[in-house]
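Enquirer: Let me begin by handing over the structure; questions about it come next.
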Ligand code: GLN
């Protein structure tokens with residue numbers, strides 16, 4: 001059977017693999033050929049692994065064995081068996097380079113598998129390679145990668161978003177059936193939105209962080225990027241769960257939520273959508289999504305999140321504080337790059353100066369500042385107090401609604417270089433996404449249409465937009481339900 005990857009999703013590919021319409025080796029080779037064809041333009045992948053075909057071969061063997069064992073064994077196989085995927089370059093895959101798109105780790109080889117990778121391997125997924133990102137996940141455009149920007153498959157003069165820009169572009173360009181990203185302040189959802197694909201930031205603690213390079217440890221989560229909500233659900237079901245290697249992982253008893261209403265009630269924080277920096281096309285599109293929900297019979301209520309306007313400020317204090325602590329391990333001695341100076345201290349300075357990019361250094365400086373004696377109370381402690389108030393606002397809102405919707409981003413994908421000279425403009429991109437990380441609640445971005453092309457605005461083509469849906473802690477189920485309904489997957 002001729003493989004048409006444009007029409008495939010995980011569920012369909014799984015059916016074909018089980019029926020024997022094609023093998024995982026054939027499927028994997030098709031993806032590798034497609035990556036070869038388009039990656040030169042897009043730069044979604046930093047490397048395609050030379051053992052991908054071998055893993056596909058093992059998956060085929062397992063499928064063949066299950067087939068001869070009988071139908072129940074065949075139907076019992078994981079839906080990810082033989083499915084090709086890409087992995088963000090800050091997640092460890094044993095034996096392969098994991099550089100976090102930094103010069104610091106250019107030749108660093110992972111010595112063990114992250115928990116999510118062990119789970120994907122156990123399910124039989126085929127890892128095609130590692131995807132580009134902003135250095136150490138710090139950024140929103142992959143322009144901070146030491147290995148070149150990832151371009152948006154819809155318009156290569158624009159960014160794919162970030163920091164998991166490579167992972168989102170890889171799915172959008174049909175360079176994988178799914179990818180994993182990491183999300184500290186929006187890094188799965190924002191690029192998913194820019195590239196017209198689905199991205200999930202799970203509840204904090206739902207997915208083990210063991211083996212992902214820490215950025216902001218109280219904010220980081222690994223999550224899937226896929227073509228459909230159903231695909232993201234399949235991946236989430238494989239990668240989530242308690243892990244003794246990550247003490248922050250949760251189990252079924254951690255959060256006792258009442259069940260969401262049969263038809264979830266949708267909350268809209270209108271007061272948060274009136275800011276200057278929001279593109280009119282985004283608001284128009286958002287209102288159209290609300291209309292779609294209404295037509296499908298959903299009740300929509302206005303909600304108030306009184307402290308939500310402080311989210312970005314709180315995030316840009318808490319996150320750099322944690323970054324400065326986490327980045328201390330890159331000292332030129334333990335991992336990766338080493339430069340020789342006159343003494344240990346000089347080695348440290350030289351290695352860090354040569355290995356780390358400007359944005360990473362900026363955040364280490366900011367973080368060290370907000371944690372320094374005298375400023376700790378004024379910035380870090382106060383930010384943490386406001387973080388609690390924001391979480392309380394969400395708890396209160398979730399007493400009357402089941403999900404909260406906003407646009408994922410204030411604008412569609414921007415031009416490469418448009419925001420590089422102004423870090424504040426780049427940080428404003430995260431206005432809608434950081435709240436889910438601050439509160440630990442799960443959030444998904446689903447494609448919800450396009451900002452129409454408009455030559456006067458420099459928009460040469462229609463650009464994808466995303467709708468962000470946030471739910472109560474550990475209630476991914478409701479996110480999937482509402483997301484599927486919106487995309488017509490139910
Ligand atoms: N764009 C955000 C930042 O620069 C988010 C990064 C992330 O989620 N890793 O911090």
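The values are calculated or read from the model by the stated rules, or taken from the named source; none is laboratory data. The model shown is predicted, which means the values in this text are computed figures rather than measured ones. Note that each Cβ is placed from the backbone with ideal geometry, even for glycine, and that neighbours are counted across all protein chains shown.
Enquirer: Can you confirm whether residue 477 is surrounded by fewer than 18 Cβ atoms within 10 Å (Cβ to Cβ), in contact (Cβ under 8 Å) with a residue 60 or more places away in the chain and either over 17 Å from the mean Cα position of the chain (by Cα) or part of a loop (DSSP other than H, G, I, E, B) (or both)?
Expert: On the way: surrounded by fewer than 18 Cβ atoms within 10 Å (Cβ to Cβ): yes; in contact (Cβ under 8 Å) with a residue 60 or more places away in the chain: yes; either over 17 Å from the mean Cα position of the chain (by Cα) or part of a loop (DSSP other than H, G, I, E, B) (or both): yes.
Yes; evaluated as a whole, the condition is true for this residue.
Enquirer: Restricting the search to region 1-20, which residues are more than 27 Å from the chain's Cα centre (by Cα), surrounded by 15 or more Cβ atoms within 10 Å (Cβ to Cβ) and outside any helix (DSSP H, G or I)?
Expert: Within region 1-20, 3 is the sole residue that qualifies.
Enquirer: Same structure, new question: In region 74-89, is there at least one residue being surrounded by fewer than 24 Cβ atoms within 10 Å (Cβ to Cβ), in contact with a strand residue (DSSP E or B) (Cβ under 7 Å, 6 or more places away or on another chain) and farther than 30 Å from residue 20 by Cβ? Full working, then the answer.
Expert: Looking only at region 74-89, we keep the residues that are surrounded by fewer than 24 Cβ atoms within 10 Å (Cβ to Cβ), and these are 74-79, 81.
Narrowing further to those that are in contact with a strand residue (DSSP E or B) (Cβ under 7 Å, 6 or more places away or on another chain): none.
No: region 74-89 contains no residue that is surrounded by fewer than 24 Cβ atoms within 10 Å (Cβ to Cβ), in contact with a strand residue (DSSP E or B) (Cβ under 7 Å, 6 or more places away or on another chain) and farther than 30 Å from residue 20 by Cβ.
Enquirer: Look at region 313-325 and say how many of its residues are surrounded by fewer than 24 Cβ atoms within 10 Å (Cβ to Cβ) and near the ligand (Cβ under 10 Å from one of its atoms).
Expert: Here the count works out to 1.
Enquirer: Which condition breaks for residue 209 when tested against (1) more than 14 Å from the ligand (Cβ to nearest atom); (2) in contact (Cβ under 8 Å) with a residue 24 or more places away in the chain; (3) not in a helix (DSSP H, G or I)?
Expert: (1)
Enquirer: If you don't mind, another one. Going by the structure shown, is residue 168 under 15 Å from the mean Cα position of the chain (by Cα), within 16 Å of the ligand (Cβ to nearest atom) and outside any loop (DSSP other than H, G, I, E, B)? Steps first, please.
Expert: Numbers: under 15 Å from the mean Cα position of the chain (by Cα): yes; within 16 Å of the ligand (Cβ to nearest atom): yes; outside any loop (DSSP other than H, G, I, E, B): yes.
In short, yes.
Enquirer: In the list 140, 175, 148, 161, which residue meets the criterion of being away from the ligand (no atom under 16 Å from the Cβ), in contact with a helix residue (DSSP H, G or I) (Cβ under 6 Å, 6 or more places away or on another chain), touching a residue at least 24 places away in the same chain (Cβ under 8 Å) and not in a helix (DSSP H, G or I)?
Expert: Working: 140 fails: away from the ligand (no atom under 16 Å from the Cβ); 148 fails: in contact with a helix residue (DSSP H, G or I) (Cβ under 6 Å, 6 or more places away or on another chain); 161 fails: away from the ligand (no atom under 16 Å from the Cβ).
Testing whether each residue is away from the ligand (no atom under 16 Å from the Cβ), in contact with a helix residue (DSSP H, G or I) (Cβ under 6 Å, 6 or more places away or on another chain), touching a residue at least 24 places away in the same chain (Cβ under 8 Å) and not in a helix (DSSP H, G or I) leaves just 175.
Enquirer: Can you give me the number of residues within region 258-287 that are exposed (fewer than 13 other Cβ atoms within 10 Å of the Cβ), out of contact with any strand residue (DSSP E or B) (no Cβ under 6 Å at 6 or more places or on another chain) and not in a loop (DSSP other than H, G, I, E, B)?
Expert: 2
Enquirer: Looking at the structure I just gave you, is residue 154 more than 20 Å from residue 446 (Cα to Cα) and more than 11 Å from the ligand (Cβ to nearest atom)? Break it down into steps so the answer makes sense when it comes.
Expert: Details: more than 20 Å from residue 446 (Cα to Cα): no; more than 11 Å from the ligand (Cβ to nearest atom): yes.
No.
Enquirer: Scan 298, 255 and give me the residue that is part of a loop (DSSP other than H, G, I, E, B), out of contact with any helix residue (DSSP H, G or I) (no Cβ under 6 Å at 6 or more places or on another chain) and modelled with pLDDT of 95 or more.
Expert: Values: 255 fails: modelled with pLDDT of 95 or more.
Going through 298, 255 in turn, just one is part of a loop (DSSP other than H, G, I, E, B), out of contact with any helix residue (DSSP H, G or I) (no Cβ under 6 Å at 6 or more places or on another chain) and modelled with pLDDT of 95 or more: 298.
Enquirer: Looking at residue 404 and the list (1) in a loop (DSSP other than H, G, I, E, B); (2) crowded, with 20+ Cβ neighbours inside 10 Å, which single condition is not satisfied?
Expert: Only one criterion in (1) in a loop (DSSP other than H, G, I, E, B); (2) crowded, with 20+ Cβ neighbours inside 10 Å is unmet by residue 404, namely (1).
Enquirer: Are any residues in region 212-243 within 16 Å of the ligand (Cβ to nearest atom) and either touching a strand residue (DSSP E or B) at 6+ places or on another chain (Cβ under 9 Å) or outside any loop (DSSP other than H, G, I, E, B) (or both), and if so, which ones?
Expert: We begin by selecting, within region 212-243, every residue within 16 Å of the ligand (Cβ to nearest atom); these are 212-225.
Matches in region 212-243: 212, 213, 215, 219, 220, 221, 222, 223, 224, 225.
Enquirer: Same structure again: State all residues of region 409-437 that are within 24 Å of residue 216 (Cα to Cα), away from the ligand (no atom under 12 Å from the Cβ) and buried (at least 23 other Cβ atoms within 10 Å of the Cβ); if no residue qualifies, say none.
Expert: Passing the criteria: only 435.
Enquirer: Then there's this: Looking only at region 1-17, which residues are at pLDDT 95 or above and either touching a strand residue (DSSP E or B) at 6+ places or on another chain (Cβ under 7 Å) or farther than 19 Å from residue 227 by Cβ (or both)?
Expert: Hit for region 1-17 is 10, nothing else.
Enquirer: Further question on the same structure: So which residues in region 117-137 are more than 16 Å from the ligand (Cβ to nearest atom) and touching a helix residue (DSSP H, G or I) at 6+ places or on another chain (Cβ under 6 Å)?
Expert: The answer is 119, 123, 124, 126, 128.
Enquirer: May I pose another question? Is it the case that region 481-488 has a residue that's out of contact with any helix residue (DSSP H, G or I) (no Cβ under 8 Å at 6 or more places or on another chain) and under 26 Å from residue 209 (Cα atoms)?
Expert: Yes, the conditions are met somewhere in region 481-488.
Enquirer: Within the set of pairs 6+ apart or on separate chains, which have a first residue in region 312-339 that is touching a residue at least 24 places away in the same chain (Cβ under 8 Å) and over 19 Å from residue 372 (Cβ atoms), a second that is away from the ligand (no atom under 16 Å from the Cβ) and in a loop (DSSP other than H, G, I, E, B), and C-beta atoms under 6 Å apart?
Expert: 335/108; 336/108
Condition check ((1) assigned to a helix (DSSP H, G or I); (2) within 17 Å of residue 410 (Cα to Cα); (3) out of contact with any helix residue (DSSP H, G or I) (no Cβ under 7 Å at 6 or more places or on another chain)) across all residues:
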residue	(1), (2), (3)
427	yes, yes, no
435	yes, yes, no
441	no, no, no
447	no, yes, yes
467	no, yes, no
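Enquirer: Hey, can you tell me all the residues within region 355-364 that are part of a helix (DSSP H, G or I) and either within 15 Å of the ligand (Cβ to nearest atom) or within 17 Å of residue 142 (Cβ to Cβ) (or both)?
Expert: So in region 355-364, the residues part of a helix (DSSP H, G or I) come out as 355, 358-364.
358, 359, 360, 361, 362, 363, 364 - these are the residues of region 355-364 that are part of a helix (DSSP H, G or I) and either within 15 Å of the ligand (Cβ to nearest atom) or within 17 Å of residue 142 (Cβ to Cβ) (or both).
Enquirer: Testing residue 54 on (1) surrounded by 18 or more Cβ atoms within 10 Å (Cβ to Cβ); (2) over 11 Å from residue 81 (Cβ atoms), one condition comes back false. Which one is that?
Expert: (1)
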